[in-house]
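The values are calculated or read from the model by the stated rules, or taken from the named source; none is laboratory data. Quick caveat, the model's predicted, so the values are computed rather than measured. In this analysis, Cβ positions are derived from the backbone assuming ideal geometry, glycine residues included, and neighbour counts consider all displayed protein chains.
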């Protein structure tokens, strides 16, 4: 077998066979489909799945992914949804300490010394519950001849994936989309998808958010048919001149598929739905455009969330439409001057924000569009203009809602290791992760990359947040450097550097403080502050 | 592990807790909350919160007449707001202090012991403060012997009560005890019979104005039935029992659905909330209830509890019979 159970124990293994993160656009076959918000390239797999629950890895059903496995022992579960809210396992809440506190003694691999890797730490653990999911599906007729991907929007905390008995991939990072290519093992007629979900892996050390501790496939799952020409990634960089008069849009597009002779027509409409720019380009694997100049640009802000509409139409060599891709974007000028003053559209930026968890009293972190719309209406009723996605990437529609409603976003990466550095109220980082431990760097950089790549085109995002309450060190500094290397249009945010100011100069563009007394705020601001201050 | 087959305790040195695990029992002591936070036997949880020192009793009509509650009002605050000051641990009779991070980095998941004692020292929320130590000694068979030591301090008023309350997550189906029949107090027990008694539910004495009630003096053993919460999705109907046994001396107890503060707060019986939990209090000292006249005179002197002298009591929780 390709797959190994001890990946659960190794912080260096967090993605196997998982496709690179990319922008969150949707491809449609026709413009009519855009209006109906229903892409025929997409097939939802949400709904009833077969399910088997085990108290720990040693009790799981071996070979359940095989097509001829007898599923008599399987029950049913709704996807999306938490395992613990559907009749299995134990509902559990804990704040800062790790969920195995007092039950099992654990230390993060490599944290106390570079030779300590703790064999079987999670793969042979008594407390690591396992959910085995099976879904059979038959591809829609229009998926024939297409490559097919699968997208998991959220799975806690580690998952293995098989199709028709063949291993496809492994993924951690509960709150970022995981996409895999199913094409090599698809068959005509019925296909068997098998997913094995573990409550714990080394990811649990860096997903110690103060919240109910759940597991399972808790966000949507879908199949995607890849058009002959697939827009893999879209990176829009709208900028505005100092006078706030002229907007310039540069863009970078990555394509995949049979590209010879194909072309893309790119049209930009202003908020009044007038076409302000268009161009047709020949498609190659990377297309870069930097010439879209828009005069009298309508700016995006909280009070006036003006959105421009981009429409990319992909044609084959015979000028037949292969696919259309819509995307909304905005022009705004976020600027930090030499005196650390942050302005948006030349006006000092004032945030009246909230830290928001995704939460429903009935579904837990499995929330719906109606839950999100209700939160937006609460924001409006209370004059809230900003949100921090505490403490992980949220569902994609939330970013669209913030774009449309002018809510400034602090887009937080899925990282919190509170239990590794704060104990009994004291700062005690003796086994802190990610810290400066080399084995823990790639995994947090991957989380930063997933956050950036997926959400980079949303005008609402003004800040990339590196995570929450994870202390400091080289690896968090590397995350900060990563965001700066890929995005010069936004600021970085991280509160934890306050706990040890040794990394202050290389982590976070802003001074972020939680629970600070007004006097402490005053002291900071009156003593030659190095950064703009946010009170969270 | 080999040690498991020898039935030793599996000791987990956490960052805020001490875990002690054995055959079908799991105990977690919280250093921050000040006591046994989780008492799981056969996968059922017996504790809703850590056991709480109890210094108050709901004012009796005679207390009101003699102004006792006013004179001892400090203990009302102490009952609510007494705070933890220190924790120390003994493993196989060796004192190891409080091994929190980074000191506990030296351990592993393979630590075993024959017995572990953990002592929580509290400082009373009274103007003249004193300390009360609660020690839990856990043996490898799961028995927990609890010793409470109150340090007498000059200037402290008389205690309405001295006990340790176990708040259990569910309303018990009932309890069985070996001791004295009926409701008894130090000055109201002469007519009681000795024996073993089965009580259904957690009966209240139906005072129109709720007051101290339900005491059972001179008890050798108490078994509470079905006050534990099962795991979220465990729908089995097996009966769970937890037993409190006399250690060096018989003990007094009450088994009610309310704390003394809840009883005190209800001006009439209909103001009591719906029963939600079980409050099992083991007492080391109980104040009498009767005055020499019908109303107005204090309890006879020998039935007072001095705040100025030491008091100690102990008992053993037995998870398996």
Original post:
Taking the range B:89-122 only, how many residues are closer than 13 Å to residue B:31 by Cβ, out of contact with any strand residue (DSSP E or B) (no Cβ under 6 Å at 6 or more places or on another chain) and at the interface with chain A (Cβ under 8 Å from one of its Cβ atoms)?
Top reply: 1
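Any residue that is within 14 Å of another protein chain (Cβ to nearest Cβ) and either closer than 25 Å to residue B:112 by Cβ or touching a helix residue (DSSP H, G or I) at 6+ places or on another chain (Cβ under 8 Å) (or both) - is there at least one of those in the range B:59-79?
Of the residues in the range B:59-79, the ones within 14 Å of another protein chain (Cβ to nearest Cβ) are none.
Among the residues of the range B:59-79, not one is within 14 Å of another protein chain (Cβ to nearest Cβ) and either closer than 25 Å to residue B:112 by Cβ or touching a helix residue (DSSP H, G or I) at 6+ places or on another chain (Cβ under 8 Å) (or both), which makes the answer no.
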**OP:** Within the range A:164-223, work out how many residues are part of a helix (DSSP H, G or I) and either under 23 Å from residue A:390 (Cα atoms) or out of contact with any strand residue (DSSP E or B) (no Cβ under 6 Å at 6 or more places or on another chain) (or both).
**Re:** 6
Original post:
Taking the stated definitions as given, is residue B:288 in contact with a helix residue (DSSP H, G or I) (Cβ under 6 Å, 6 or more places away or on another chain) and modelled with pLDDT of 95 or more?
Top reply: yes
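At least 1 residues that are at positive phi, in contact with a strand residue (DSSP E or B) (Cβ under 8 Å, 6 or more places away or on another chain) and outside the structural domain of residue A:457 (by TED's automatic domain parsing) in each: list the strands (runs of 3 or more DSSP E) lying fully within the range A:228-273 that qualify.
Details: elements: A:229-240, A:247-257, A:263-269.
Filter on the range A:228-273 gives A:247-257.
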Original post:
Hey, any hits in the range A:383-393 for a residue that's out of contact with any strand residue (DSSP E or B) (no Cβ under 8 Å at 6 or more places or on another chain), buried (at least 19 other Cβ atoms within 10 Å of the Cβ), under 25 Å from residue A:20 (Cα atoms) and not assigned by TED's automatic domain parsing to the domain that holds residue A:158?
Top reply: no
Subject >> Failed item, numbered, when residue A:16 is tested on (1) farther than 30 Å from residue A:115 by Cα; (2) touching a helix residue (DSSP H, G or I) at 6+ places or on another chain (Cβ under 8 Å) >> reply: (1)
**OP:** Could you check how many residues of the range A:74-89 are surrounded by fewer than 20 Cβ atoms within 10 Å (Cβ to Cβ) and within 7 Å of chain B (Cβ to nearest Cβ)?
**Re:** 1
Original post:
Could you list, in sequence order, the residues of the range A:400-453 that are within 18 Å of residue A:357 (Cα to Cα), within 14 Å of the chain's Cα centre (by Cα) and surrounded by fewer than 24 Cβ atoms within 10 Å (Cβ to Cβ)?
Top reply: A:400
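Here's a check for you: in the range B:285-301, which residue that is farther than 24 Å from residue B:166 by Cα and touching a residue at least 40 places away in the same chain (Cβ under 8 Å) is surrounded by the most Cβ atoms within 10 Å (Cβ to Cβ)? So that I can check it myself, show each step before the final result.
Taking the range B:285-301 first, the residues farther than 24 Å from residue B:166 by Cα are B:290-301.
Adding the requirement that they be touching a residue at least 40 places away in the same chain (Cβ under 8 Å) leaves B:290-291, B:295-300.
Numbers: B:290: 16, B:291: 20, B:295: 10, B:296: 12, B:297: 13, B:298: 18, B:299: 23, B:300: 13.
Residue satisfying both the conditions and the ranking: B:299.
Look through A:151, A:145 and report the one residue that is more than 14 Å from chain B (Cβ to nearest Cβ), at pLDDT below 95 and over 27 Å from residue A:418 (Cα atoms). It would help to see each step written out before you state the result.
Values: A:151 fails: at pLDDT below 95.
Answer to the check: A:145.
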**OP:** Considering every residue within the range A:176-192, establish whether at least one is within 24 Å of the chain's Cα centre (by Cα) and within 21 Å of residue A:63 (Cβ to Cβ).
**Re:** yes
Subject >> Restricting the range B:103-135 to residues that are free of Cβ contacts under 8 Å to residues at least 40 places away in the same chain and part of a strand (DSSP E or B), the residue that is farthest from residue B:154 (Cα to Cα) >> reply: B:117
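Answer yes if at least one residue in the range B:27-43 is assigned to a loop (DSSP other than H, G, I, E, B), over 23 Å from residue A:55 (Cβ atoms), more than 14 Å from chain A (Cβ to nearest Cβ) and touching a strand residue (DSSP E or B) at 6+ places or on another chain (Cβ under 6 Å), and no otherwise. Give the derivation first.
Of the residues in the range B:27-43, the ones assigned to a loop (DSSP other than H, G, I, E, B) are B:31-34, B:42-43.
When the remaining residues are screened for being over 23 Å from residue A:55 (Cβ atoms), the result is B:31-34.
Next, only the ones that are more than 14 Å from chain A (Cβ to nearest Cβ) stay: none.
Scanning the range B:27-43, I find no residue that is assigned to a loop (DSSP other than H, G, I, E, B), over 23 Å from residue A:55 (Cβ atoms), more than 14 Å from chain A (Cβ to nearest Cβ) and touching a strand residue (DSSP E or B) at 6+ places or on another chain (Cβ under 6 Å), so the answer is no.
Being in contact with a strand residue (DSSP E or B) (Cβ under 8 Å, 6 or more places away or on another chain), under 24 Å from residue A:4 (Cα atoms) and within 11 Å of chain B (Cβ to nearest Cβ) is the filter here; which residues of the range A:90-135 pass it? Reasoning before the result, please.
Filtering the range A:90-135 down to residues in contact with a strand residue (DSSP E or B) (Cβ under 8 Å, 6 or more places away or on another chain) leaves A:91-93, A:96-97, A:101-105, A:122, A:128-135.
Filter once more, so that each one left must be under 24 Å from residue A:4 (Cα atoms): A:104-105, A:122, A:128-135.
Listed by number, the residues that qualify are A:104, A:105.
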Original post:
Out of the residues in the range B:3-20 that are modelled with pLDDT of 95 or more and not in a strand (DSSP E or B), which is farthest from the other protein chains (Cβ to nearest Cβ)?
Top reply: B:8
**OP:** State whether one or more residues within the range A:178-190 are in contact with a helix residue (DSSP H, G or I) (Cβ under 7 Å, 6 or more places away or on another chain) and crowded, with 24+ Cβ neighbours inside 10 Å.
**Re:** no
**OP:** Please verify whether the range A:423-435 includes one or more residues that are touching a strand residue (DSSP E or B) at 6+ places or on another chain (Cβ under 9 Å), away from chain B (no Cβ under 14 Å) and not in a helix (DSSP H, G or I).
**Re:** no
Original post:
Which condition breaks for residue A:488 when tested against (1) in contact with a helix residue (DSSP H, G or I) (Cβ under 8 Å, 6 or more places away or on another chain); (2) surrounded by fewer than 24 Cβ atoms within 10 Å (Cβ to Cβ); (3) not in a helix (DSSP H, G or I)?
Top reply: (1)
